[in-house]
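Below is one structure, written out as structure tokens; the observations come after it.
The values are calculated or read from the model by the stated rules, or taken from the named source; none is laboratory data. None of these values were measured; they are calculated from a predicted model. Note that each Cβ is placed from the backbone with ideal geometry, even for glycine, and that neighbours are counted across all protein chains shown.
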């Protein structure tokens with residue numbers, strides 16, 4: 001298990017990686033709201049940017065297929081470490097800065 005903390009402006013996001021499962025927690029008003037990939041809000045524009053072949057589909061279908069492809073991409077990765085590195089690099093493009101990560105039973109490590 002790896003916990004990854006990222007920051008974008010005043011928002012703090014915590015991602016827990018357990019095997020091939022991802023759990024996202026967001027700090028809002030002093031509380032952390034936890035969800036899985038299914039609870040995330042994807043934008044149609046963002047999904048179309050990643051998967052232009054879905055352009056002729058309806059919005060709800062685009063979002064559904066986008067989430068499924070994201071899940072498949074994560075399932076195709078070999079290790080939690082590979083998933084962590086992918087998330088850091090991908091979310092960096094969207095303005096998120098990795099603060100630190102922590103493997104279960106180890107001390108937190110500051111990201112560069």
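The figures follow:
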| quantity | calculated |
| --- | --- |
| Criterion: at pLDDT 90 or above and within 15 Å of the chain's Cα centre (by Cα) - qualifying residue of 41, 18, 34 | 18 |
| Per-region count, region 1-14, residues farther than 14 Å from residue 110 by Cβ and assigned to a strand (DSSP E or B) | 6 |
